[in-house]
Structure formats: C-alpha cells, structure tokens
Amino acid sequence: MISAPRFTVADGVSFAGQGLHGGQPVRVTVHPGADGIAFRAGDQRVPATPSEVTDTRRCTQIGPVATIEHLMSAFAGLGITDAEIEVEGGEMPALDGSAKEFVAGLQSVGMTPCGKLHIEGLFKRVYFVEGDVKVAMAAGTGRVRYEYDNTPRWPGVQEVEFVLSPETYAHEIAPARTFAFREEVEPLRQMGLGLGLSEDSCVILEAEGYAFPPRFPDEPARHKLLDLMGDLLLAGVPWSVMQVTAHRSGHRTNVAAAARLAECITITREN
C-alpha cells in the first residue's frame with residue numbers, strides 16, 4: 001500500500017474570463033474541499049472521476065462542465081487532492097491558454113493538509129494501449145515522460161521528461177499553451193470551438209514552424225503533458241507517487257487510461 005498526503009486550498013479563489021471554446025463570460029471559484037475533487041454547476045455536483053466524463057472532443061468535459069483539463073492539471077502539479085469547484089457559465093475560462101494563471105491563483109491562497117490517501121494496487125505497471133497510443137503508469141516518485149509524435153509533418157517528434165515538483169510544474173509545464181495547426185483554426189471557429197483563444201493564448205503551428213514565438217521550443221509536447229496530468233488525475237492518484245510515460249495520447253485516450261488505472265487500484269481516505 002502507498003500512502004500520500006491530501007491537500008486542499010486554504011481559501012477560496014476565483015478565475016474569470018471567456019470560456020475557452022464557447023467564448024462566453026465564465027467564472028470559476030475553487031473552494032476548500034474534503035471529499036476529493038468535484039465540480040458544481042447550479043444544484044448539480046459532479047465528482048471528477050473517469051466515469052463522469054461526458055465528452056473528450058478537443059477538451060475534457062465532466063457532466064455539464066467543459067474544458068476542465070487545465071485546472072485539473074494545476075491541481076495535479078501542485079498536489080491538490082480535494083477541492084469543490086463552483087462553475088458559472090458551464091466552462092473553464094481560457095485565461096492565457098495554459099495552466100499558468102490557475103497555478104498563480106491557487107498558490108496565492110496556499111494549501112492546507114486535509115488527511116491522507118491510501119492506495120492499493122499501484123505496485124505493478126498499469127498499461128493502456130490503443131494502436132500507437134501508449135500510457136504506462138506505476139508507483140514512483142513523480143518522474144514523467146511524454147512523446148509527441150506528429151511525423152512526417154513538422155514538428156515531428158518532441159520528447160519531454162521531468163521529475164515533478166510544484167516548482168518544476170509551475171515553471172516548466174504550466175506555462176505551455178494549447179495549440180492548433182493553421183488550417184484547423186477557421187474550421188474550429190466555425191464549429192464554435194476555440195472562441196475564447198487568441199494569438200497570445202494559442203500556439204499556431206504552420207507547415208515549417210511556429211506562427212509566433214513559442215514559450216518553449218517544445219511547447220506542444222509540454223502542453224500535451226499538461227493535459228495528460230489533468231486527465232489522469234481523474235483516477236484520484238497524486239502524481240507525486242507515480243511514474244508515467246506516454247506516447248501520442250490525447251483527451252479520449254488519457255481518460256481511458258485514467259479509467260484503466262482506477263479499475264486497478266483501491267483508494268481509501270483518512271481525515
């Protein structure tokens with residue numbers, strides 16, 4: 001059995017802006033929690049678990065709440081295991097297209113311990129494989145590796161690897177923005193997607209390079225890792241007690257990997 005500390009936010013913190021895809025005004029408030037992570041929309045409370053995912057097309061949606069992955073990733077990177085998220089507008093705000101502003105807001109109110117997690121079944125490696133998509137999860141100390149493979153098109157293969165800590169996450173992963181290929185932008189907007197993003201909050205990939213200077217030379221791979229961290233937290237396992245490697249995974253397969261992990265473990269909570 002593996003044990004890990006539980007943490008929640010020390011106080012409430014709010015984020016407001018345009019919905020990442022819908023572009024409508026939205027507001028999200030993270031409150032202290034003591035029963036895992038859950039999203040509240042009106043009178044509906046939806047636990048953040050793989051079984052509650054309702055859509056994985058271009059984002060991860062829990063119940064009626066869309067694009068939860070960047071906030072969930074900030075929780076994963078900082079080690080937050082418990083929170084109640086109040087949602088007004090049905091979607092997370094785009095902010096700068098990354099998890100950077102979520103991290104800054106959460107760090108501004110601080111974290112407080114709220115008990116322990118006991119995890120059984122994580123001693124052996126758990127695999128999710130579908131075609132050329134692979135996600136491998138096992139007990140560890142926070143080492144993560146992601147391989148983004150877009151061959152034969154530029155940028156080809158990008159690999160990132162880190163040993164996670166809140167500091168490493170905040171500086172090396174959280175600032176990586178969402179991205180799209182140039183030819184996708186207008187069709188996505190016509191479909192009502194990405195309306196809350198701009199040239200500053202979305203990395204545009206052209207045929208042979210970035211349309212605008214990136215924050216990192218391998219920003220797409222870092223953002224894919226950012227998304228993976230948020231999606232995989234749906235299984236309820238802190239990233240600090242895992243090691244994870246992934247190849248070409250996206251939201252749908254991330255959530256499927258989280259479901260596979262959740263099936264293989266038992267989590268008990270101690271206050």
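Result for the chain in a Gaussian network model with C-alpha springs under 10 Å: among Q190, Q243, Q61, the largest mean-square fluctuation is at Q190. Other residues whose C-beta falls under 13 angstrom from the C-beta of R182 contribute a net charge of -4, scoring Lys and Arg +1 and Asp and Glu -1. Its Cα centre serving as origin, the chain has a Cβ charge dipole (Lys and Arg +1, Asp and Glu -1) of approximately 560 debye.
Taking only C-alpha pairs under 8 Å that are 6+ residues apart, what is the relative contact order of region 28-128 in percent? Dividing the mean separation by the residue count of region 28-128 yields 30 percent. Within the listed set A66, A235, A104, the residue fluctuating most in the Gaussian network model of the chain (springs between alpha-carbon atoms under 10 angstrom) is A104.
For region 24-81, the solvent-accessible area works out to 38 Å² per residue, with a probe of 1.4 Å and every protein chain left in place.
Of the residues A34, G105, G22, the one whose Cα sits farthest toward the positive end of the charge dipole of the chain, with +1 on the Cβ of Lys and Arg and -1 on the Cβ of Asp and Glu, is A34. Fraction of C-alpha pairs exceeding 15 angstrom in region 111-183: 73 percent, rounded to a whole number.
Here the accessible area of region 1-45 is 50 percent carbon and sulfur, with a 1.4 angstrom probe and all protein chains present.
A straight Cα-to-Cα reach below 18 Å connects K224 with the lysines K100, K134, residues fewer than 8 places away in its own chain not being considered.
The values are calculated or read from the model by the stated rules, or taken from the named source; none is laboratory data. All of these numbers come straight from a predicted model, not from anything done at the bench. Note that each Cβ is placed from the backbone with ideal geometry, even for glycine, and that neighbours are counted across all protein chains shown. All accessible areas refer to the heavy atoms of the entire protein, side chains included, with ligands and DNA or RNA removed. Shrake-Rupley method; radii C 1.70, N 1.55, O 1.52, S 1.80 Å.
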